[in-house]
Amino acid sequence: MKNKLVGIIFGLPSKDNEEIIIHSIAVLAEYWRRGIGSMLLKKLIQECQKQGFTRISVGAAEGVEKFYLKNEFKVCYLRVEIASKFEKAFEEKFKGKISQKIKRKNFVTFYIKVNTLNEKLRNKIKREFSPEKVIFILERKI
Ligand SMILES: CC(C)(COP(=O)(O)OP(=O)(O)OC[C@H]1O[C@@H](n2cnc3c(N)ncnc32)[C@H](O)[C@@H]1OP(=O)(O)O)[C@@H](O)C(=O)NCCC(=O)NCCS
């Protein structure tokens, strides 16, 4: 804006090259709610389309999901990162709902299929499993 940098957006192709993952988007706080974030998103999407991508996704920071919903993204997973000691209990609780599981040294990441911004579920998981991170993954066809 008038030679001042007020926002950035950055995305990269996923490992399988199936989609673009947004790694960061930020607008200076004093410029929030003026459509700049949406404009950055639109520009990134146009660039992705030019390069032949048909989907874009993001792991939304907590509280920012509504920005993506407003920009035609759909909620598709809840990604939960928990300590390995909770792995079995978590699997038992979400039997049949787990889409993917990734094991790391002392942590396990689960993807649970969801289609709404289910805050009740997020809070329940926070209470029961003390997750390192629990965030919604949103996608948009482009
Ligand atoms: C998220 C962010 C980039 C949005 O930028 P922005 O320029 O304010 O976005 P827009 O003005 O285009 O917002 C479009 C719509 O999204 C929704 N929205 C945006 N920010 C919102 C918020 N904090 N809470 C709820 N809804 C929000 C609103 O519906 C808004 O439309 P409206 O103002 O007409 O109601 C900005 O808030 C930001 O930089 N946040 C800090 C960094 C961050 O959390 N990045 C996200 C990482 S996943």
### Query
Do any residues in the stretch 33-53 that are assigned by TED's automatic domain parsing to the domain that holds residue 12 and within 7 Å of the ligand (Cβ to nearest atom) have Cβ atoms under 9 Å from those of residues that are modelled with pLDDT of 95 or more and of a type in the set (Val, Ile, Thr), where the two are at least six apart or on different chains, and which pairs are they?
34/27; 36/6; 36/27; 37/9; 37/25; 37/27
### Message
Residues that are surrounded by 12 or more Cβ atoms within 10 Å (Cβ to Cβ), modelled with pLDDT of 95 or more and within 17 Å of residue 111 (Cβ to Cβ): does the stretch 37-48 have at least one?
### Response
no
### Task
Among the numbered conditions (1) farther than 26 Å from residue 54 by Cα; (2) surrounded by 16 or more Cβ atoms within 10 Å (Cβ to Cβ); (3) under 20 Å from the mean Cα position of the chain (by Cα), tell me where residue 104 comes up short.
(2)
### Task
Can you confirm whether the stretch 55-67 contains a residue that is within 11 Å of the ligand (Cβ to nearest atom), on the phi > 0 side of the Ramachandran plot and exposed (fewer than 15 other Cβ atoms within 10 Å of the Cβ)?
yes
### Any chance residue 102 is assigned to a strand (DSSP E or B), more than 9 Å from the ligand (Cβ to nearest atom), assigned by TED's automatic domain parsing to the domain that holds residue 125 and free of Cβ contacts under 8 Å to residues at least 40 places away in the same chain
yes
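The values are calculated or read from the model by the stated rules, or taken from the named source; none is laboratory data. These figures come from a predicted structure and were not determined experimentally. Counting neighbours? That spans all protein chains shown, and the Cβs are built from the backbone with ideal geometry, glycine included.
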